[in-house]
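Written below as C-alpha cells is the structure these notes are about.
The values are calculated or read from the model by the stated rules, or taken from the named source; none is laboratory data. The model shown is predicted, which means the values in this text are computed figures rather than measured ones. Positions of Cβ are backbone-derived with ideal geometry, glycine not excepted, and every protein chain shown enters the neighbour counts.
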Amino acid sequence: MDFAFTPEEEAFREEVAAFLEKEAPKEYREKRVTFFDMSGQPDWIAVHRGMAEKLGARGWLSIHWPGEYGGQDASPFYRLILREELTRYHCPGYDSIGAGIVAPAILLKGSEEQKKKHLPGIASGKVMWCETLSEPGHGSDLAALEVFAREEDDSFVVNGQKIWTTNGHFADWNALIVRTDRAAKPNYRGITFFLLDMKTPGITVNPIVNMAGHHDFNEVFFDDVRIPRENIVGGLNRGFYVVMSLLDYERTTDTVYAFADTYLRDLEGYARENDRLTPVSRNRLAELTAECEVARLLHYRVAWMQGRGEVPNYESAMSKMYSFELLQRVAEFGMELAGPYGQLAEGSERAPWNGRIPSCYLRSFGHSLEQGTSEIDRDVIAQRGMGLPRLR
Ligand SMILES: Cc1cc2nc3c(=O)[nH]c(=O)nc-3n(C[C@H](O)[C@H](O)[C@H](O)COP(=O)(O)OP(=O)(O)OC[C@H]3O[C@@H](n4cnc5c(N)ncnc54)[C@H](O)[C@@H]3O)c2cc1C
C-alpha cells in the first residue's frame with residue numbers, strides 16, 4: 001500500500017495551483033464560496049462557463065480519458081487532484097454532470113459516433129450537460145419511471161415531466177431516461193437512455209428555488225420532443241444498465257471530502273481570527289478533521305479501483321454516503337461556531353463571508369438526497385458489500 005502521490009502527480013498539482021492562483025475568480029475566494037453554494041453568486045453561470053473553457057483548453061477536463069478520445073491516459077487521481085485544487089481555490093468550472101457522469105457513461109456504453117460527436121465538447125468545457133432521471137413520483141425507484149417515448153419513423157417522441165434537474169436552465173445537452181416499453185417485465189427492461197439536445201422544440205424548463213434561496217435545479221416538461229434513434233445509448237430498452245453504471249460514477253463525481261475539508265479549514269480560520277475557539281469547538285474541529293481524512297481515503301479507494309479497470313459499486317455508495325453526511329455535519333458545525341452571526345444572511349454587513357454559513361447549512365439538507373439518497377446507499381452497502389438479505 002502506497003499513500004503517496006507520484007512525482008508526476010505532485011507536479012500536476014503544482015501546475016494546477018499556479019494556474020488557479022492567477023485565474024480563479026478572486027471574489028469567490030474572498031467569500032469562501034463552496035461548490036454547492038456557487039449558484040448563489042451573481043453571474044455564476046458565465047463565470048462557471050468561462051472557467052470551464054479555460055480548464056478545457058489546457059486538456060484538464062479529459063486528462064484521465066484514453067488518448068484516442070482526446071485524453072492523456074492519466075490515472076483517475078489526476079481528476080481528483082484537479083478537483084481538490086479547484087475546491088481549495090473556491091473555483092467553479094468543473095461540470096460534474098458532463099465531465100463527471102455523462103462522459104464516463106459514453107466512454108463505457110456509447111457508440112463510436114457518439115464518442116466522436118460528444119466527447120470533444122465536454123473536454124473543451126464548451127458544452128454543458130444536465131441529466132433528467134427523477135420524476136415527481138419516481139426518484140429512488142427509477143425502474144418504475146413513467147415518462148414515455150413512442151417510436152415514430154426513425155425517431156422517438158417524448159411526453160411527460162421530469163424534476164430536480166440540476167443545471168437544466170443552462171445545459172446544452174441532456175442525458176435522459178424514459179420508458180419505451182410499458183409492457184416490459186420486469187419494468188426496468190422497458191427503459192431507454194437518450195442523449196438530447198436541449199434546443200430541441202417542445203422542452204420547457206421551469207426553475208425550482210432551493211431552501212438556500214438559490215436556483216440550482218428545475219422541473220422539465222417534454223411536449224412531443226423528437227429524438228433521433230441514433231441518440232440512444234446502450235440499445236433500445238437497455239437504458240437501465242447504462243443508468244446503473246452511470247450511478248456508480250455519479251456517487252463519486254464530486255470530491256465531497258475536499259469540499260468538507262476546505263470548508264472546515266475556512267471555519268477553523270474564522271474561529272482563530274474571531275476568538276471563537278472554545279474547548280468544545282476545538283474538540284469538534286479535531287473530530288471533523290479526522291472524519292475528513294476517512295472520507296478522503298474512502299474516495300481514493302474508489303479512484304484506485306477505477307484506475308485498475310474495476311467498477312466500484314458498494315465502495316462508491318460508502319464513499320458517497322459518508323462524505324455527503326460529513327458535509328452536513330461540517331455545515332451544522334459552521335452554524336454552531338458562528339453563533340448568532342451564523343444566522344446573518346447575504347447582504348448583512350456583519351455576516352461572515354457575506355452569508356455563506358447559513359447558505360451552506362440550508363443547502364446541506366439536500367446532500368443526503370441528491371445523487372441517490374443515503375438510505376439507498378445503506379441498502380447497497382448492506383446487500384452488495386455485506387451480503388445481507390434484501391429487505392423487500
Ligand atoms: C440538490 C439535488 C439535486 C438533484 N439533482 C438531480 C438531477 O440533476 N437529476 C435528477 O434526475 N435528479 C436529481 N435529484 C433528485 C434525486 O436524485 C432524488 O431526490 C433522489 O433520488 C430521491 O428521490 P425522491 O426525491 O423521489 O424521493 P423518494 O425516492 O420518494 O424517497 C423518499 C424517502 O424514502 C426513502 N426511500 C425510498 N426508497 C427506499 C428504499 N427502497 N429503502 C429505504 N428507504 C427508501 C428515501 O431514502 C427518502 O428518504 C436531485 C436532488 C437534490 C436534492
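A few remarks follow.
- Matching entry among E14, E53 (being within 22 Å of N167 (Cα to Cα), charged (D, E, K, R) and not in a loop (DSSP other than H, G, I, E, B)): E53
- Filtered residue count, the stretch 294-318, keeping only those that are touching an Asp or Glu at 6+ places or on another chain (Cβ under 7 Å), touching a residue at least 60 places away in the same chain (Cβ under 8 Å) and either under 22 Å from F36 (Cα atoms) or of a type in the set (A, V, I, L, M) (or both): 3
- Within the stretch 241-269, if we keep just the residues that are of a type in the set (F, W, Y) and crowded, with 19+ Cβ neighbours inside 10 Å, the residue that is nearest to the chain's Cα centre (by Cα) turns out to be Y249.
- Selection within the stretch 257-288 - hydrophobic (A, V, I, L, M, F, W, C) and either under 16 Å from P358 (Cα atoms) or not in a loop (DSSP other than H, G, I, E, B) (or both): A258, F259, A260, L264, L267, A271, V280, L285, A286, L288
- Filter pass, D141 being within 12 Å of the ligand (Cβ to nearest atom), surrounded by fewer than 15 Cβ atoms within 10 Å (Cβ to Cβ) and not assigned by TED's automatic domain parsing to the domain that holds V47: yes
- Hits in the stretch 319-357 (condition: of a type in the set (A, V, I, L, M, F, W, C) and free of Cβ contacts under 8 Å to residues at least 12 places away in the same chain): A351
- Scanning the stretch 87-100 for residues that are surrounded by 23 or more Cβ atoms within 10 Å (Cβ to Cβ) and assigned to a helix (DSSP H, G or I) turns up G98, A99.
- When N237 is tested against (1) among the polar types (S, T, N, Q); (2) under 20 Å from the mean Cα position of the chain (by Cα); (3) under 30 Å from F156 (Cβ atoms), only condition (2) is not met.
To keep it simple, each residue is scored yes or no on (1) exposed (fewer than 14 other Cβ atoms within 10 Å of the Cβ); (2) within 15 Å of the ligand (Cβ to nearest atom); (3) among the polar types (S, T, N, Q).
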residue: M305; (1), (2), (3): no, no, no
residue: E310; (1), (2), (3): yes, no, no
residue: K320; (1), (2), (3): no, yes, no
residue: V330; (1), (2), (3): no, no, no
residue: R350; (1), (2), (3): yes, no, no
residue: I381; (1), (2), (3): no, yes, no
residue: R390; (1), (2), (3): yes, yes, no
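- For the stretch 101-138, a residue qualifies if it is outside any helix (DSSP H, G or I) and within 16 Å of the ligand (Cβ to nearest atom), and the qualifying residues are M128, W129, C130, E131, T132, L133, S134, E135, P136, G137, H138.
- Looking only at the stretch 153-182, residues that are on the phi > 0 side of the Ramachandran plot and of a type in the set (A, V, I, L, M, F, W, C) come to 1 in all.
- Residues in the stretch 106-126 that are within 16 Å of the chain's Cα centre (by Cα) and surrounded by fewer than 24 Cβ atoms within 10 Å (Cβ to Cβ): none.
- Being closer than 26 Å to T165 by Cβ, away from the ligand (no atom under 16 Å from the Cβ) and not assigned by TED's automatic domain parsing to the domain that holds T166 is a property that P340 lacks.
- Close pairs from the stretch 235-261: first free of Cβ contacts under 8 Å to residues at least 60 places away in the same chain and more than 20 Å from A331 (Cβ to Cβ), partner part of a helix (DSSP H, G or I) and charged (D, E, K, R), Cβ under 9 Å, at least 6 apart: G235/K109; L236/R229; N237/R189; R238/K109; R238/R189
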